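Remarks on the structure that follows.
The values are calculated or read from the model by the stated rules, or taken from the named source; none is laboratory data. No experiment lies behind these values; they were computed from the predicted model shown. Cβ sites come from the backbone with ideal geometry, for glycine too, and all protein chains shown count toward neighbours. Side chains are part of the model used for accessible areas, which takes the heavy atoms of the whole protein and leaves out ligands, DNA and RNA. Shrake-Rupley method; radii C 1.70, N 1.55, O 1.52, S 1.80 Å.
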Amino acid sequence: MKQLIELYRQWSGEEPASVEKLPVGGSNREYYRFYPSPSAQHPSPVIGVVGTSRDENHAFIYLCRHFTKRQLPVPKLLAASNDELRYLQTDLGPVSLFDAIRGGREAGGRYTLKEQELLKRTIRQLPNIQMRGFRELDFSQCYPQAEFDTNSVLFDLNYFKYCFLKATELDFHELKLEADFHLLAKDLTEAGDEQCFLYRDFQARNVMLVDGQPYFIDFQGGRKGPYYYDLASFLWQASARYPYKVRRELVYEYYNELKNYTEVPTPHHFVNRLSLFVLFRTLQVLGAYGFRGYFERKRHFIDSIPPAMQNLRELLGASNFPYPYLVTLLTQLTELPRFRQLDVTASRADGFKTTEKNPYKPHPQDGPATFSKYDAQGPLVVKVFSFSYRKGIPEDESGNGGGYVFDCRSTHNPGRYEPYKQLTGLDEPVIRFLEDDGEILTFLDSVYKLADAHVRRYIQRGFTSLMFSFGCTGGQHRSVYSAQHLAEHLHAKFGIEVRICHREQHINQVLPAKG
């Protein structure tokens with residue numbers, strides 16, 4: 001610390017007024033914020049860094065200077081010690097993208113329009129740092145290696161095998177698995193025109209917001225590699241719980257921005273290649289979660305396994321990977337009782353698909369749009385209805401007299417416009433119309449607060465049945481959207497069983513209790 005203060009003194013010409021140690025994440029570096037005196041020549045705070053690895057620090061220092069030269073949105077390097085174990089950089093402030101979108105993450109992936117705009121700004125900047133940062137970069141300066149290659153892929157796949165798969169005690173054939181690992185590694189590293197600066201640790205924690213604009217930090221692990229990796233790493237981060245619609249829009253934003261820097265493949269080829277990297281990144285993070293959770297006994301990583309397994313489950317259902325043994329084994333893995341989650345509609349993981357069937361259309365085996373009376377002996381079950389006021393408020397079959405009824409008719413009605421008349425509140429164009437308009441989001445914010453308090457109290461008191469109903473003119477657009485979103489919100493937040501009935505659409509759905 002004394003040496004870092006001395007570096008600050010040499011750079012600024014005076015002592016700092018105060019020094020604040022910043023929280024440490026998973027890094028082996030220590031970060032400090034240096035505050036100058038009011039009369040200082042350099043009036044803004046700066047960040048001081050102390051690292052234990054000279055090679056890692058050297059990679060950051062080199063990349064920071066290179067990116068600054070390329071006029072990319074990164075902190076500027078102000079000074080570095082001769083041994084490169086300490087350096088100073090500009091202070092980008094206290095607000096990370098991770099902090100700015102906390103509300104949507106904690107709401108189970110229900111991101112506001114403001115949060116979605118921050119995500120879009122960030123993903124539009126990714127090709128900028130990948131492609132412009134790639135130009136004239138000396139990859140021999142990178143740490144711990146210069147390039148994403150077969151050996152690094154196999155290392156991570158075997159990390160998954162030994163730190164996660166073996167810990168589950170699931171039987172598997174080592175040689176068959178290794179054969180598919182090698183095929184996957186070959187496909188991931190095949191040569192093409194997709195090479196860039198691969199950020200590698202591209203996540204919301206490593207994006208700082210300065211006046212709402214994204215700046216990038218912690219890129220010292222970057223190397224030469226395919227641009228799909230960072231996109232998969234960011235959008236399929238398990239704890240972020242980005243819903244299908246948000247993922248799809250962000251992939252679209254990235255693809256269109258990438259066109260400004262390089263010739264891009266066809267959308268079909270792009271999404272097929274992206275799906276391989278989503279598979280690889282999912283196995284990679286499960287390996288990390290297994291080691292940090294099962295072996296180091298860190299609860300946070302144990303808690304991160306279920307959403308990662310859900311990503312894997314949905315990915316396997318949406319893609320046709322040419323690795324038969326690996327796919328069979330992973331399918332068995334997702335079906336283990338400890339990982340089984342039957343909620344397949346709350347958060348779509350196949351955001352790279354170019355076409356989408358409506359997951360909420362009724363199955364031929366579904367019965368009429370009603371619920372049977374719930375047995376009063378058991379945990380809380382919430383029933384959520386959408387309905388048309390013209391046909392009356394839904395009856396309560398529990399014998400408790402019913403629950404909340406919300407009138408959606410004050411919000412803008414997409415059913416007044418021809419393009420939406422044959423669609424419902426479950427269809428993407430209607431969802432986009434309602435969310436872009438914004439009235440429905442303000443309406444639901446109040447509903448969520450009321451419903452959360454009510455559900456929490458019902459659970460505390462041991463009640464077994466609660467009912468919410470949303471009505472609009474035809475029971476087709478606004479009420480369907482609102483009912484579906486409240487149901488998914490309650491299921492994600494409380495893990496309780498939620499039964500959905502879109503009465504006028506004859507659609508039933510059950511979100512099973514978790515755990």
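Residue pairs whose Cβ atoms lie under 8 Å apart, sitting 6 or more positions apart in sequence or on different chains, and linking a residue in segment 116-133 that is at negative phi and of a type in the set (Ser, Thr, Tyr) to a partner that is open to solvent by less than 50 Å² (accessible area, probe 1.4 Å) and not in a helix (DSSP H, G or I), are THR122/VAL207; THR122/PRO214. Residues in segment 165-185 that are in a helix (DSSP H, G or I), over 16 Å from LEU283 (Cα atoms) and among the charged types (D, E, K, R): 2 in all. Only one entry in PHE470, PHE463, PHE443 is in contact (Cβ under 8 Å) with a residue 12 or more places away in the chain, among the aromatic types (Phe, Trp, Tyr), assigned to a loop (DSSP other than H, G, I, E, B) and out of contact with any His (no Cβ under 9 Å at 6 or more places or on another chain), namely PHE463.
Within segment 406-432, restricting attention to residues that are among the hydrophobic types (A, V, I, L, M, F, W, C) and open to solvent by less than 40 Å² (accessible area, probe 1.4 Å), which residue is nearest to HIS502 (Cα to Cα)? Per the stated criteria, the residue is LEU426. With respect to being touching a Pro at 6+ places or on another chain (Cβ under 6 Å) and either under 16 Å from PHE219 (Cα atoms) or aromatic (Phe, Trp, Tyr) (or both), TYR31 falls outside the description. Within the option set ARG124, ARG132, being crowded, with 17+ Cβ neighbours inside 10 Å, in a helix (DSSP H, G or I) and in contact with a Lys or Arg (Cβ under 6 Å, 6 or more places away or on another chain) holds for one residue only, ARG132. Within segment 413-440, being free of Cβ contacts under 8 Å to residues at least 40 places away in the same chain and not in a helix (DSSP H, G or I) holds for TYR417, LYS421, GLN422. Look at segment 387-406: where a residue is part of a strand (DSSP E or B) and a partner is among the aromatic types (Phe, Trp, Tyr), sitting 6+ places away or on another chain with Cβ atoms under 6 Å, you get TYR404/PHE468; PHE406/PHE470. The set of residues in segment 135-172 being among the polar types (S, T, N, Q) and open to solvent by less than 40 Å² (accessible area, probe 1.4 Å) consists of SER152, ASN158, THR168.
Here the condition is being in contact (Cβ under 8 Å) with a residue 60 or more places away in the chain and either crowded, with 18+ Cβ neighbours inside 10 Å or not hydrophobic (A, V, I, L, M, F, W, C) (or both); of GLU20, GLU15, GLU56, GLU6, it holds for GLU56 alone. Out of everything in segment 190-202 that is part of a loop (DSSP other than H, G, I, E, B) and modelled with pLDDT under 95, what residue ends up being most open to solvent (accessible area, probe 1.4 Å)? That would be ASP193. Among the residues examined, GLU488 qualifies as assigned to a helix (DSSP H, G or I), farther than 27 Å from GLU418 by Cα, touching a residue at least 12 places away in the same chain (Cβ under 8 Å) and among the acidic types (Asp, Glu). Of the helices (runs of 4 or more DSSP H) lying entirely inside segment 1-115, those carrying at least 1 residues that are β-branched (Val, Ile, Thr) are 2-12, 54-69. The C-beta contact set for segment 302-314 (first residue charged (D, E, K, R), second residue assigned to a helix (DSSP H, G or I), distance under 8 angstrom, 6+ apart or interchain) comprises ARG313/THR334. Could you go through segment 245-263 and let me know if any residue there is open to solvent by less than 10 Å² (accessible area, probe 1.4 Å), out of contact with any Cys (no Cβ under 8 Å at 6 or more places or on another chain) and among the basic types (Lys, Arg). Yes, that holds for at least one residue.
Being within 33 Å of the chain's Cα centre (by Cα) and modelled with pLDDT of 75 or more holds for only one residue in GLN341, GLN422, and it is GLN422.
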